[in-house]
Amino acid sequence: TELTHLHELTTKLADAAVSQPAPFQTSTLQTQQPAPLILNLSMPNLPEMAKRANHPNVKIWEQTEWKRKVERCRNKGEHLDKLGFLTDSNGIEISKAHIKQITEGAKMLWNEMKQHSIAPGKWKKKTNQAKAFFMHHMLKDFIEF
C-alpha cells in the first residue's frame, strides 16, 4: 500500500543519513588533513656549489663575512638592506625588484611545504626532505641563490 511504500522510503533515507556524515559536521571537518606531499626522491641533484675562486668580484661569500660587515656599518650608524649580500656572479648587487621576486618565490615554496605538512616551525629545524625541496626550486628559479 501507499503507507507501506512511504514507510520503506523514510527508512531508506534515514539509513542513508546515518551512514554518511552531515556535510557540515564539525568532527569530520576537523579530522580532514591535506594529503602529504610525496616528494620525488629522485629529484635531480643540486648543482655543484659555486667556488669563490671562480667569482673573485663577489665580496661576501660566507655568512660570517656578512655579519662582520653589518656590525661595522651599525657601529658607523649606517644601514644595510637585510638581503644586501645577494649579488650576481660578478659581485653586482641585485635590484630590489629582483629581491622581491626571490622573496615571493620563497614564500610560495614555504606555503607549498606548509600545505603538505613538511614545513618546519623554524628553518633550523628543517628536514632533509624540506631542504632538498626548497633548495631545488630556489636554485632552479634564481641563479643568485
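Could you state the accessible area per residue of segment 77-145 in Å², with a 1.4 Å probe and every protein chain left in place?
With all protein chains present, segment 77-145 gives 70 Å² per residue.
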Inset, instruction - Can you tell me which of 69-77, 98-106 comes out highest on packing, and rank the rest after it, using the mean Cβ neighbours within 10 Å? - result: 98-106, 69-77
Legend entry - Accessible carbon and sulfur surface of segment 82-145 relative to its total accessible area, %, 1.4 Å: 55
Legend entry - Alpha-carbon Rg with Dmax, taken over segment 43-145, Å: 15.5, 46
Inset, instruction - Would you mind computing, in nm to one decimal, how far apart the modelled labels at Gln129 and Glu62 are, each placed 7 Å from Cα along Cα→Cβ? - result: 3.4
Inset, instruction - Sum up the charges of everything whose Cβ sits under 11 Å from the Cβ of Glu144, counting Lys and Arg as +1 and Asp and Glu as -1, but leave Glu144 out. - result: -3
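Where Lys and Arg each count +1 and Asp and Glu each count -1, what net charge lies around Glu71 among other residues with Cβ under 14 Å from its Cβ?
+4
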Inset, instruction - Can you spot the lysines whose alpha carbon is less than 24 Å from Lys76's alpha carbon? Ignore those fewer than 8 places along the same chain. - result: Lys59, Lys67, Lys96
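Under the 0.36 nm per residue contour assumption, what length would be gained going from the current alpha-carbon distance of Lys140 and Ala50 to full extension?
31.0 nm
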Legend entry - Within-11-Å neighbourhood charge of Glu93 [Cβ basis; K, R +1; D, E -1]: -1
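The values are calculated or read from the model by the stated rules, or taken from the named source; none is laboratory data. Here the structure is a predicted model, which means the values were calculated and not measured. Note that each Cβ is placed from the backbone with ideal geometry, even for glycine, and that neighbours are counted across all protein chains shown. Accessible surface areas use protein heavy atoms only, side chains included; no ligands, DNA or RNA. Shrake-Rupley method; radii C 1.70, N 1.55, O 1.52, S 1.80 Å.
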